[in-house]
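Chemist: The structure that follows is given in the form of structure tokens.
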Amino acid sequence: MKSLRTSMFGLACVAAAMLSLHGFAQERIVLRVADSFPATGHYFSDPAAKYFMDAVTRATNGQVSFEHYPAEQLGKAKDLLSLTASGVVDIGSVMPSYVSEKMPLSGVAELPGGFATSCEGTLAYWKLARDGMLAQKEFAPNGVRALFVLVSVPYQVLMKQKFESIKQLEGRKLRSTGAASDAAIRKLNAVPIRMAAPEIYESLSRGTLDGVVVSYAAAVSYNLHTLTKAVTAGENFSSAVLTYSIGEARWKSLPPRVQQAMLEAGDAATRRACSMMDQATATDLDKMRAAGADVVRLPLAEHGELQTRFSSVGGDWAKDLDGRGKPGSKVLKAFNDALRSARPAR
């Protein structure tokens, strides 16, 4: 009888443990997502963030859900790295150029003249940020992990005044995103002014800025096209890196099954976002034309002059980082190698 009672007690303990494990595995997880983008219509948030959240919820059969706080509701764009790393938010839109003192190496994808499409830049950057050199040297030391990313289509120059030549940009105040963008603008003999995207419209309308170095998609998302009189086409004046990243501590707290769902959804979101951005380029330019902007295509001689001016920017950028104890040259080489792999075969 004693043996029977012992066996029954043991079975009860095993059953209780199984129920406990089952309950833990199915524990509901709610993640707070914060970004600085408009609530609707943004070229990264709409095709990537919302897609990612839906995909993860489906893949986990509803175990994971999200609370989305757009438009800087939980913090300014420049603060979202620290808010994400500290766990105030679980997933944040971390823009490396807004925290360039903490994430300078990500500027490699913002150098002028490097690629022709968003997907070329995005897939090269993603290779380094997902599990390569940038993951180890940039994201991990800052306590975050990239979930999905986007590198913008090449930036163009948008001006409040009409212009036909790069000579007419000299001395103008142009919005910049970071060190790489600063260098490109200085090569135009213009004045770079760093500014987060949500602040541009007011600065442009008040005359604090004469123009903006930005993508067509961002111009449309933030209504900058309504203030634009002329915009370049076919150049690469720099770009921007956008990420949604999760705090490393929060990541480690998630069950492996949830982590795997996020990895798969993040890769799909990254590829989807850059593809949609590339496809929308012509449409976004048409919207700028419709709002009254002249499209400026620089003469071949000026295009060549720009390439000559920009040719030293990457090396100077890398050398500066090397001098500060950062692996700038190694990252530049790794990114250029990844770019060659990302370019479609011709």
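The values are calculated or read from the model by the stated rules, or taken from the named source; none is laboratory data. Fair warning: this is a prediction, and the values are worked out from it, not measured in the lab. FYI the Cβ positions are ideal-geometry reconstructions off the backbone, even for glycines, and counts take in every protein chain you see. Accessible surface is based on the protein model in full, side chains and every heavy atom, while ligands, DNA and RNA are left aside. Shrake-Rupley method; radii C 1.70, N 1.55, O 1.52, S 1.80 Å.
Chemist: Where does region 29-93 land on the Kirkwood hydrodynamic radius, alpha-carbon pairs, in angstrom?
Modeler: After inverting the pairwise mean of 1/r, the radius is 12.0 Å.
Chemist: Semi-axes of region 204-287's equivalent ellipsoid from the Cα gyration tensor, sqrt of 5 times each eigenvalue, largest first, rounded to whole Å?
Modeler: After diagonalising the Cα gyration tensor, the semi-axes are 35, 16, 10 Å.
Chemist: Right, another one. Over the chain, what relative contact order in percent results from Cα pairs under 8 Å that are six or more residues apart?
Modeler: Once normalised by length, the contact order is 24 percent.
Chemist: Of K167/K333; K127/K326; K78/K252, which pairs sit farther than 29 Å apart, going by alpha carbon to alpha carbon?
Modeler: Checking Cα-Cα distances, K167/K333 exceed 29 Å.
Chemist: Next question, about the same structure. Roughly how far apart, in whole Å, are the Cα centres of region 63-117 and region 163-218?
Modeler: Distance between centres, Cα-based: 21 Å.
Chemist: Calculate the dipole size of region 202-346 relative to its Cα centre from +1 charges on Lys and Arg beta carbons and -1 charges on Asp and Glu beta carbons; express the result in debye to the nearest 20.
Modeler: Using only the charged Cβ atoms, the result is roughly 480 debye.
Chemist: Helix-derived [θ] at 222 nm for the chain: sum -39500 (n - 2.57) over DSSP H runs of at least 4, divide by residue count, nearest 500?
Modeler: -14000 deg cm²/dmol
Chemist: Would you check the accessible area of K162, probe 1.4 Å, heavy atoms only, in square angstrom rounded to 10?
Modeler: 120
Chemist: Could you check which residue among D90, D320, D267 shows the biggest mean-square fluctuation in a GNM of the chain with a 10 Å Cα cutoff?
Modeler: Comparing D90, D320, D267 in a Gaussian network model of the chain, the most mobile one is D320.
Chemist: A further question follows. Give the span of region 89-149's Cα atoms along each principal axis, as three whole-Å numbers ordered largest to smallest.
Modeler: 34, 21, 20
Chemist: Something else about it: Suppose we keep just the alpha-carbon trace of region 207-346; what are its Rg and Dmax in angstrom?
Modeler: 19.4, 57
Chemist: Name the residue from S100, S118, S165 whose Cα lies farthest towards the positive end of the charge dipole of the chain, charges +1 on Cβ of Lys and Arg and -1 on Cβ of Asp and Glu.
Modeler: S100
Chemist: Quick one: which residues, 5 or more positions from V191 or on another chain, have an amide H under 5 Å from its amide H? H modelled 1.01 Å from N in the peptide plane, none for Pro or chain starts.
Modeler: Those qualifying (amide H under 5 Å, at least 5 residues apart or on another chain) are G171, R172, K173, L174.
Chemist: Something else about it: List the pair-distance distribution P(r) of the chain, using every Cα-Cα distance, as the percent of pairs falling in each 10 Å bin from 0 up to the bin containing the longest distance, rounded to whole percents.
Modeler: For the chain, the binned pair fractions read 6, 24, 32, 21, 8, 4, 3, 2, 1, 0 percent.
Chemist: Just to verify a number: what accessible area does F66 come out at with the full protein assembly present, 1.4 Å probe, Å² rounded to tens?
Modeler: My reading of the accessible area for F66 is about 40 Å².
Chemist: Using unit Cβ charges (K, R positive; D, E negative) and no other charged atoms, how large, in debye to the nearest 20, is the dipole of the chain about its Cα centre?
Modeler: The dipole magnitude comes to about 580 debye.
Chemist: If R₀ is 22 angstrom, what is the calculated FRET efficiency for the pair V88 and S65, using the beta carbon separation as r and rounding to 0.05?
Modeler: FRET efficiency, V88 to S65: 0.70.
Chemist: Please identify the DSSP H helices in the chain that span no less than 18 Å along the helix axis (Cα) and have a mean Kyte-Doolittle hydropathy of 0.5 or more.
Modeler: Answer set is 2-25.
Chemist: For region 156-280, what is the charge dipole size about the Cα centre, in debye to the nearest 20, if Lys and Arg each add +1 at the Cβ and Asp and Glu each add -1 at the Cβ?
Modeler: Magnitude of the dipole: close to 200 debye.
Chemist: What accessible area per residue, rounded to a whole number of Å², is obtained for region 102-183 using a probe radius of 1.4 Å?
Modeler: That works out to 31 Å² for each residue.
Chemist: Where in region 96-116 does the label zone of D316 land, with the point 7 angstrom along Cα→C-beta and an amide N cut-off under 13 Å?
Modeler: Output list for this probe position: 112.
Chemist: A follow-up question, please. Taking only Cα atoms of region 127-200, what ratio of Rg to Rh do you get with Rh as the Kirkwood inverse-distance radius?
Modeler: 1.10
Chemist: For A249 and A39, what does the FRET efficiency come to when R0 = 30 Å and r is the distance between their Cβ atoms, rounded to the nearest 0.05?
Modeler: About 0.60, to the nearest 0.05.
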